[in-house]
Structure formats: structure tokens, C-alpha cells
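Let me begin by presenting the structure, written as C-alpha cells, before commenting on it.
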Amino acid sequence: MLTIKTSSIEDAYQIHLQIPEFENRVPLEEFRKKLASNPDQRIIIAYHDQKPIGYMVSYDRFKDGSIYCWMTGVIPEARGQGALKAMMLDLIDWAKNKNYQELKIKTRNVRRAMLNFLVKNNFNFLEVEQRKLLKNHRILLIKKL
Ligand SMILES: CC(C)(COP(=O)(O)OP(=O)(O)OC[C@H]1O[C@@H](n2cnc3c(N)ncnc32)[C@H](O)[C@@H]1OP(=O)(O)O)[C@@H](O)C(=O)NCCC(=O)NCCS
């Protein structure tokens, strides 16, 4: 059974370390720093039975009435079972209760599963930040809550 629980940043980071696509790993210290200066935050873990399989870290980055989903991932062997969907629903519920009006998220051209998810779930494209490699262009998406 899939469940979602709030978590410490240290526990969420343990799952971050198991996502092979994140090869240039953001150090735990950067997670801590970002979150320390942005106290309105939601850190969650998805569990399959008792096993932690995914994480999502969100915070009030833009101070414009939107909540920002900063990092998320599901371990490879647990993908395709709705963990991302469940974490996103949890975030949306929480954000609506806190009167956020929009959800923002940044991803990259290379993150095709994530892009699929975002398009299918009615996010709109807002901005593209160019990088040297096309696959690394950052894409900012937004959804009204
Ligand atoms: C993106 C990621 C979090 C998806 O997690 P997941 O738990 O497998 O996703 P879900 O099972 O909840 O899938 C939800 C929807 O996303 C889309 N999706 C997920 N994986 C997909 C894939 N491999 N190809 C196409 N669409 C996909 C589908 O629309 C799916 O809905 P459906 O099953 O009804 O078709 C996971 O693949 C991952 O961790 N990838 C590497 C890290 C990453 O890219 N993180 C995002 C950074 S912004």
C-alpha cells in the first residue's frame, strides 16, 4: 500500500541519494540552507508498505502566492506505481489549505517522465532558461490551484 508522510530533510535526502538521474548531487547542506531561509515548506516521503520509495521537497520560493516544488524523485524499482501522482496530490492539498494559488516547478528537457506527468496534469509552460546543452534547458511550469 502507498502512503505519504511528512519527513525530515535528512530522511528525504537518503532517497535523493538513490535517484540515479541526479548525478551532480546537491549536497545535504544546500538542502538545509534553502529550507532554513524558507520556513514555509513541505517535505514528504512516499512509502510502499514500510519502504521509503520517493520524496518531494517544496517551499515558498517566489513569495508571489505560489508554492515551488523544488526536488522530487522515485527510486527506479518503484516507478510507474503512482508515487509521484500521490505526492503531488498531497502537495496540492496542503498548498490549497494554506491558500497558495499556484504551483510552480522547474524541470529539464531531459526529464521526459516528469514532463509527461506535468503536461498530462494540466501544468502550463511559463519560461525556458537556456543552458549550454539543449537537454539541460530549464523549463518552468505552472498550475493554478
Ligand atoms: C519522474 C518520476 C518522479 C515519476 O515517478 P513515478 O512514481 O514513476 O510516477 P507515477 O507512477 O506517479 O506516474 C504518474 C504519471 O507520470 C507520467 N509518467 C511517469 N513515468 C513515465 C514514463 N516513464 N514515461 C511517460 N510518462 C510517465 C504518466 O503520465 C503517469 O501517469 P499514468 O501512469 O496514469 O500514465 C520518476 O520517473 C523519477 O524519479 N525520475 C528521475 C528523477 C526526476 O526526473 N525527477 C523530476 C525532476 S523535476
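The values are calculated or read from the model by the stated rules, or taken from the named source; none is laboratory data. Worth saying up front: this structure is predicted, and the values here are computed from it rather than measured. Counting neighbours? That spans all protein chains shown, and the Cβs are built from the backbone with ideal geometry, glycine included. Surface accessibility is based on the protein's heavy atoms, side chains included, excluding ligands, DNA and RNA. Shrake-Rupley method; radii C 1.70, N 1.55, O 1.52, S 1.80 Å.
Number of residues in region 13-40 that are open to solvent by less than 30 Å² (accessible area, probe 1.4 Å) and within 12 Å of the ligand (Cβ to nearest atom): the value is 4. When region 1-45 is filtered for residues that are touching a residue at least 60 places away in the same chain (Cβ under 8 Å) and closer than 22 Å to LEU89 by Cα, the ones remaining, listed by number, are LEU2, ILE4, ILE15. In region 66-100, the qualifying residues are those that are in a loop (DSSP other than H, G, I, E, B) and polar (S, T, N, Q), and the one that is surrounded by the most Cβ atoms within 10 Å (Cβ to Cβ) is GLN81.
Residues of region 45-53 include at least one that is part of a loop (DSSP other than H, G, I, E, B) and over 19 Å from LYS143 (Cβ atoms). Of the residues PRO52, PRO39, the single one that is touching an Asp or Glu at 6+ places or on another chain (Cβ under 9 Å) and modelled with pLDDT under 95 is PRO39.
Report those strands (runs of 3 or more DSSP E) wholly inside region 101-145 carrying at least 2 residues which are under 25 Å from GLN41 (Cα atoms) and within 8 Å of the ligand (Cβ to nearest atom). Where strands (runs of 3 or more DSSP E) fall fully within region 101-145 and carry at least 2 residues being under 25 Å from GLN41 (Cα atoms) and within 8 Å of the ligand (Cβ to nearest atom), they are 102-108.
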